Amino acid sequence: MKRALKLTVNDEDYEVLADTHRTLLEVLRDSLGLTGSKEGCGFGACGACTVLLDGKANLACLTLAFSAQGKQITTIEGLAVNGKLHPIQDAAVRYGAIQCGFCTPGWIMSAKALLDEKPKPTELEVKTAISGNLCRCTGYVKIIESIIAASEGK
Amino acid sequence: MKLPRIDYLEAKTLPEACALLAQGDVLACAGGTDLVPSMKHRVKAPRAVVNLKAIGGLDYITYSEKDGLRIGALATLRDLQNNKSVQQKYPALVQSAAMVGTIQLQNMGTVAGNLCLDTRCYYYNQSSFWRSARPACYKAGGEVCHVVKRSDHCWACYSGDTAPAFMVLGAKVKVVGSKGERVIALKQLYSGDGQKPIALAADELVAEIQVPARAAGSGSGYTKLRIRKAIDFPLMGAAVWMQLEGKAGVVKDIRVALTAADSAPIEVPGAAKSIQGKPYSEENLAEVMEASYKKARPVDCVIGGSPPYRKKMARVFVKRAANLAYQQAQAK
Ligand SMILES: Cc1cc2nc3c(=O)[nH]c(=O)nc-3n(C[C@H](O)[C@H](O)[C@H](O)COP(=O)(O)OP(=O)(O)OC[C@H]3O[C@@H](n4cnc5c(N)ncnc54)[C@H](O)[C@@H]3O)c2cc1C
Ligand code: FES
Ligand code: FES
């Protein structure tokens with residue numbers, strides 16, 4: 001059953017017609033064209049679909065799109081300002097924390113939620129924050145290094 | 001994977017939500033982290049879901065010496081960990097909430113949804129395509145259990161992390177339904193039946209979780225066996241509450257509960273008898289560990305450890321949880 005759905009994504013208001021059984025991930029990718037958030041497992045286990053809802057890391061693949069109405073949704077597309085990368089994105093590139101890139105938008109959103117709350121996290125806090133983001137390529141070391149570098153302004 | 005076609009409903013109050021549930025074929029969705037995967041797998045395909053998170057004012061956590069701890073139905077596992085009173089008085093609640101899945105799941109998942117978690121089984125939590133290779137099991141509406149052959153009932157495993165912690169703390173839950181409300185001991189929330197593990201009517205919801213104020217000299221702890229340090233459900237989980245008295249730290253009382261050990265979170269009966277009046281030590285804990293081992297009856301329905309191994313681990317994890325509880329109990 002299609003209904004009008006109003007979402008606020010990266011400070012922009014959107015109104016689309018969507019089926020009531022759509023997940024937030026489907027609407028972001030297929031209706032709004034924001035394909036940065038990825039579907040890895042679709043079952044809450046990999047973190048590739050991580051977006052921020054009111055500043056907290058949530059899984060878009062398990063969120064009913066209609067339940068996200070009225071919330072501030074932030075996706076990876078919302079991080080760069082006027083073409084300038086967010087410090088976490090910038091560090092990720094410089095530290096080689098990206099290989100295939102499929103997990104990258106997800107862990108960067110988890111890292112952003114962490115740094116917004118705790119600008120100078122310990123290594124353990126970084127590891128805990130991204131423990132719900134699986135990466136099959138990098139072995140995590142560079143990811144962790146890049147988040148710590150971003151937190152230190154390096 | 002896509003969701004089946006379902007309608008989306010919102011309620012502004014709990015009674016309104018109960019009225020929607022009473023219409024039939026409607027399920028409650030809080031964080032959705034258990035319900036949405038089940039719907040994607042088509043083991044649940046209701047006509048509609050009612051989003052409880054649209055109800056305001058139910059995410060409270062309050063503590064007073066008189067009323068103890070009160071947790072609203074929509075407080076998240078993250079809220080529970082961040083609450084100062086919970087951190088000071090109930091470490092087992094912080095420990096168990098912090099071990100649920102991942103940070104994202106703790107941000108989304110509610111405490112009430114965690115208590116009402118459906119039982120799990122390797123043959124059930126699968127797509128309809130995967131399941132179509134075998135006859136449907138009891139839990140999926142069929143007439144057979146693929147885990148315990150020739151069994152007349154479902155053996156799916158209760159795998160929630162916070163339930164044993166709440167149980168040893170003596171928690172109660174306030175249940176509301178279209179016909180009014182009642183307060184029951186947490187233990188009574190569980191039927192013990194893998195097929196329908198939560199003993200609530202279709203139009204009933206957990207409105208509040210109530211934990212007695214922390215008694216002097218008491219402490220609690222929770223820990224669990226899992227393959228990875230994140231994401232994984234418990235293969236065996238143990239919570240211990242204990243109270244000490246006197247200078248020598250003599251055990252006055254102890255309560256033990258297990259998860260991933262049966263189709264419900266279970267309390268180990270008579271755990272206190274063997275250690276009451278003795279100083280806390282691993283030696284004096286031996287019979288409590290043994291009783292826990294005997295009480296656990298894991299079956300081969302989850303991946304990650306054989307049932308005999310998981311059963312043996314009940315001893316080890318009860319010991320670890322007891323050490324955690326002792327730490328708090330002996331600190332002032
Ligand atoms: C990859 C993954 C890993 C996980 N790992 C763990 C883990 O390690 N440990 C663990 O315990 N859980 C785990 N979970 C399960 C789940 O994330 C948590 O149990 C969570 O706390 C469930 O809460 P929720 O609010 O999301 O529940 P929902 O999915 O919204 O609801 C769960 C069930 O409870 C019912 N319900 C919800 N609220 C109420 C209420 N107020 N009254 C009555 N019924 C209600 C729903 O109808 C549904 O049947 C995992 C899930 C995933 C996807
Ligand atoms: S796609 Fe959402 S957690 Fe894997
Ligand atoms: S870079 Fe390939 S999955 Fe992480």
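Readers should treat all values here as calculations from the given coordinates under stated rules, not as data from a laboratory. Nothing here was measured: the structure is a model prediction, and the numbers come from that model. Because the Cβ atoms are built from the backbone with ideal geometry, glycine has one as well, and the counts that use them run over all protein chains shown.
Here are some notes:
- Note on the stretch B:40-119: dipole from Cβ charges, positive end direction compared against B:TYR90, B:VAL100, B:ASN51; the farthest Cα belongs to B:ASN51.
- The translational diffusion coefficient of chain A, from Stokes-Einstein at 25 °C and 0.890 mPa s with a Kirkwood hydrodynamic radius over alpha carbon pairs, comes to 157 µm²/s.
- Built amide H within the under 5 Å cut-off of A:GLY40, gap 5+: A:ALA48, A:CYS49
- FRET efficiency, 1/(1 + (r/R0)^6) with R0 41 Å, evaluated for B:ALA331 and B:GLN23 via beta carbons: 0.20
- Qualifying trypsin sites (Lys or Arg not before Pro) in the stretch B:228-329, DSSP loop, other Cβ atoms within 10 Å at most 10: B:ARG228, B:LYS229, B:LYS247
- For B:ILE198, the residues 5 or more places off, or on other chains, whose built amide H falls under 5 Å of its own are B:SER191.
- For the peptide A:39-46, the mean number of other protein chain Cβ atoms found within 10 angstrom of a residue's Cβ is 5.
- Under the Karplus curve 6.51 cos²θ - 1.76 cosθ + 1.60, θ = phi - 60°, whole-Hz ³J(HN,Hα) for the stretch A:66-73, x wherever Gly or Pro sits: 5, 6, 8, 5, x, 9, 7, 9
- Contact order relative to length of the stretch A:87-151, as percent, for alpha carbon pairs under 8 angstrom and 6 or more apart: 53
- Estimated FRET transfer efficiency (B:LYS66, B:HIS153; beta-carbon r; R0 56 Å; 0.05): 0.85
- Cβ-isolated cysteines (cut-off 4.7 Å), chain B: B:CYS18, B:CYS29, B:CYS116, B:CYS137, B:CYS145, B:CYS154, B:CYS157
- The 3J(HN,Hα) values that the Karplus relation (6.51, -1.76, 1.60; θ = phi - 60°) gives for the stretch B:124-140 are, in residue order, 9, 7, 9, 5, 5, 4, 4, 5, 5, 6, 10, x, 4, 8, 3, 5, 8 Hz. Gly and Pro appear as x.
- Total formal charge among the other residues, if their Cβ is under 11 angstrom from that of B:LEU3, Lys/Arg +1 and Asp/Glu -1: +4
- In the stretch B:1-56, the C-alpha radius of gyration followed by the widest Cα-Cα span (Dmax) gives 10.9, 33 angstrom.
- For chain A, the share of DSSP beta bridges that are antiparallel, to the nearest 5, is 90%.
- FRET efficiency estimate (nearest 0.05) - Cβ-Cβ, A:VAL93 to B:ALA201, R0 60 angstrom: 0.60
- Note, ³J(HN,Hα) from phi for the stretch B:177-191, Karplus 6.51, -1.76, 1.60, rounded to Hz, x at Gly and Pro: x, 4, 9, x, 10, 8, 10, 10, 5, 3, 3, 6, 6, 10, 7
- Amide hydrogen neighbours beyond the local backbone of B:ASP7, cut-off 5 Å, H modeled: B:ALA48, B:VAL49
- With an a/c value of 1.5 or above and a/b larger than b/c for the gyration tensor axes a ≥ b ≥ c computed over the alpha-carbon atoms, the stretch B:218-331 is described as prolate.
- Dipole magnitude of the stretch A:1-97, debye to nearest 20 (Cβ charges: Lys/Arg +1, Asp/Glu -1, about Cα centre): 160
- Counting Cβ atoms of other protein chains within 10 Å of each residue's Cβ and taking the mean over peptide B:93-106 gives 5.
- Summed residue charge, Cβ within 14 Å of B:GLY109's Cβ, Lys/Arg positive, Asp/Glu negative: -2
- Most to least packed among B:161-173, B:53-65 [average Cβ atoms within 10 Å]: B:161-173, B:53-65
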